[in-house]
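**Student:** Here it is, the structure, as structure tokens.
The values are calculated or read from the model by the stated rules, or taken from the named source; none is laboratory data. Being a predicted model, the structure only gives us computed values, none of them experimental. Using ideal geometry, Cβ is built from the backbone for each residue, glycine included, and neighbour counts are taken over all protein chains shown.
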Ligand code: MV4
């Protein structure tokens with residue numbers, strides 16, 4: 001097992017890694033930017049190294065600075081968390097070159113799956129259902145009008161590189177196809193340095209359902225119960241829950257089997273997530289997230305596993321400690337709320353600044369993952385998530401009541417947060433009924449200063 005892990009990240013996920021290290025008897029090294037001198041991951045780690053100024057490009061994304069810190073402190077592995085360098089295959093390779101273990105998938109696997117059209121090709125080869133559309137990227141010189149007509153309108157143009165909905169365009173009629181294709185390609189080129197796009201049939205009312213997998217270095221792969229991340233705003237997830245209120249045991253089993261086939265076919269190792277869209281009883285692969293995600297605690301609660309410990313053990317070469325039957329067990333219902341320092345009544349404007357007072361919820365079935373504390377100043381350089389509230393209970397109605405209770409206990413003074421919005425979501429009849437799609441937030445009047453239009 002590793003003796004010392006450097007955490008190439010900040011915020012609640014750095015705290016999460018440090019806690020796992022301590023429980024496993026592994027020393028931890030925090031890295032931090034000048035803007036994060038007061039952050040909790042620094043005081044919690046065994047050692048801390050400043051790696052640069054506030055802007056991420058000059059610190060958390062500076063591969064040389066991170067690798068030098070690891071060598072200076074004698075760390076034998078690097079945990080990348082999520083975001084930053086977590087899905088950077090070049091960084092994983094650079095770690096290996098210096099004899100440091102990258103705690104994540106091998107670079108070849110993330111390269112194969114990082115490009116969405118390539119990931120889709122892997123899925124097709126593994127007999128995993130995908131949304132009907134072009135086989136690979138739209139090539140110069142093809143008759144796109146014919147291609148789109150064959151798929152059938154409405155269609156969706158997607159960028160092959162990157163994510164977050166950038167370069168995505170809905171096209172409902174042939175006359176819009178060419179200009180939208182050009183706009184999508186230009187947007188993708190500007191955002192990701194790559195203008196490749198592909199075309200799919202548009203699903204009008206999908207849910208976002210994803211399968212957590214774990215794959216050891218000995219060829220074993222297991223799939224856990226799904227997470228439903230349908231409640232999003234502008235491609236930012238707000239609420240994640242497990243199990244999905246929409247899935248049947250048969251669909252769940254098929255989705256898990258599909259995720260395992262895909263992981264095996266790609267030679268995937270370590271933990272990861274296979275994302276699907278789900279509509280009208282059918283699921284379609286969309287992409288793989290080659291990292292441990294923000295919403296992993298939902299699965300930790302439902303499956304009764306420590307995914308952070310598991311990923312460290314897998315990286316150290318250990319075998320999966322259980323098989324598919326154990327991984328499939330559903331022990332409770334869990335819901336996560338992402339609490340952001342943002343003003344929902346002002347277009348979700350980020351609210352950096354000093355947290356004057358902070359009271360965190362607790363009690364049975366309540367977990368809070370945060371780096372915040374009373375007096376902590378949220379820097380303006382990074383994302384605005386300040387805490388994750390995860391509740392678990394025997395069934396969904398009980399979990400919803402517990403979520404409302406816990407959200408009520410949360411008190412943040414000094415900055416605006418999304419906590420009140422979460423209470424409105426949980427109490428909304430459509431959310432309570434579990435019958436919603438990806439348009440729920442935009443179609444539902446939850447905010448004070450907006451008109452419902454659905
Ligand atoms: C789609 C779709 C409808 N049809 N693909 C959004 C981000 C990317 N990960 C996939 N996305 C979508 N792909 C087809 N063929 C609708 C979305 C989508 C969406 C998906 C999941 C959660 C929220 C969403 C919000 C808008 C659009």
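**Student:** With 120, 112 as the choices, which residue is crowded, with 21+ Cβ neighbours inside 10 Å, away from the ligand (no atom under 13 Å from the Cβ) and within 20 Å of the chain's Cα centre (by Cα)? Walk me through how you get there before you give the answer.
**Tutor:** Working: 120 fails: away from the ligand (no atom under 13 Å from the Cβ).
Result of the check over 120, 112: 112.
**Student:** Give the residues of segment 148-157 that are surrounded by 17 or more Cβ atoms within 10 Å (Cβ to Cβ) and outside any strand (DSSP E or B), sorted by residue number.
**Tutor:** To start, the set of residues in segment 148-157 that are surrounded by 17 or more Cβ atoms within 10 Å (Cβ to Cβ) comprises 148, 151, 155-157.
148, 151, listed by residue number.
**Student:** Does residue 230 satisfy being assigned by TED's automatic domain parsing to the domain that holds residue 310 and away from the ligand (no atom under 16 Å from the Cβ)?
**Tutor:** Details: assigned by TED's automatic domain parsing to the domain that holds residue 310: yes; away from the ligand (no atom under 16 Å from the Cβ): no.
The answer is no for residue 230.
**Student:** Here is a follow-up. Quickly run through segment 158-200 and pick out the residues that are modelled with pLDDT of 95 or more, within 13 Å of the ligand (Cβ to nearest atom) and surrounded by fewer than 16 Cβ atoms within 10 Å (Cβ to Cβ).
**Tutor:** Those that are modelled with pLDDT of 95 or more, within 13 Å of the ligand (Cβ to nearest atom) and surrounded by fewer than 16 Cβ atoms within 10 Å (Cβ to Cβ): 170, 172.
**Student:** If you don't mind, another one. Kindly indicate the residue of segment 350-366 that is touching a residue at least 60 places away in the same chain (Cβ under 8 Å) and part of a strand (DSSP E or B) and also surrounded by the fewest Cβ atoms within 10 Å (Cβ to Cβ) among those meeting that condition. Break it down into steps so the answer makes sense when it comes.
**Tutor:** If we filter segment 350-366 for residues that are touching a residue at least 60 places away in the same chain (Cβ under 8 Å), which is where we start, we get 351-355.
When the remaining residues are screened for being part of a strand (DSSP E or B), the result is 353-354.
Values: 353: 14, 354: 12.
Of everything passing the filter in segment 350-366, 354 is surrounded by the fewest Cβ atoms within 10 Å (Cβ to Cβ).
**Student:** Shifting gears a bit: Under 8 Å between Cβ atoms, at least 6 apart or on separate chains: pull out the pairs that start in segment 125-138 with a residue that is within 12 Å of the ligand (Cβ to nearest atom) and end on any residue that is assigned to a loop (DSSP other than H, G, I, E, B) and at pLDDT 95 or above.
**Tutor:** Within 8 Å, the pairs are 131/203.
**Student:** Further question: Could you tell me whether residue 145 is over 30 Å from residue 41 (Cα atoms) and either more than 15 Å from the ligand (Cβ to nearest atom) or in contact with a strand residue (DSSP E or B) (Cβ under 7 Å, 6 or more places away or on another chain) (or both)?
**Tutor:** yes
**Student:** Now, a different point. Take residue 12 and tell me if it is assigned by TED's automatic domain parsing to the domain that holds residue 98 and surrounded by fewer than 19 Cβ atoms within 10 Å (Cβ to Cβ). Talk me through it step by step, then tell me what you get.
**Tutor:** Working: assigned by TED's automatic domain parsing to the domain that holds residue 98: yes; surrounded by fewer than 19 Cβ atoms within 10 Å (Cβ to Cβ): no.
Answer is no for this residue.
**Student:** Here is a list of conditions, (1) surrounded by fewer than 19 Cβ atoms within 10 Å (Cβ to Cβ); (2) away from the ligand (no atom under 16 Å from the Cβ); (3) not in a loop (DSSP other than H, G, I, E, B), and residue 442 meets all of them except one; can you say which number that is?
**Tutor:** That leaves (2) as the condition not met.
**Student:** Any residue that is at pLDDT below 95 and more than 14 Å from the ligand (Cβ to nearest atom) - is there at least one of those in segment 205-218?
**Tutor:** Step one: filter segment 205-218 for residues at pLDDT below 95, giving none.
No, every residue in segment 205-218 fails to be at pLDDT below 95 and more than 14 Å from the ligand (Cβ to nearest atom).
Here is a yes/no grid of residues against (1) free of Cβ contacts under 8 Å to residues at least 12 places away in the same chain; (2) within 16 Å of the ligand (Cβ to nearest atom):
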position: 238; (1), (2): no, yes
position: 250; (1), (2): yes, no
position: 256; (1), (2): no, no
position: 265; (1), (2): no, no
position: 276; (1), (2): no, yes
position: 279; (1), (2): no, yes
position: 288; (1), (2): no, yes
position: 299; (1), (2): no, no
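**Student:** So which of 326, 331, 319, 338 is assigned to a strand (DSSP E or B) and in the same structural domain as residue 409 (by TED's automatic domain parsing)? Even if it seems obvious, please write down each step before you answer.
**Tutor:** Details: 326 fails: assigned to a strand (DSSP E or B); 331 fails: assigned to a strand (DSSP E or B); 319 fails: assigned to a strand (DSSP E or B).
Going through 326, 331, 319, 338 in turn, the sole match is 338.
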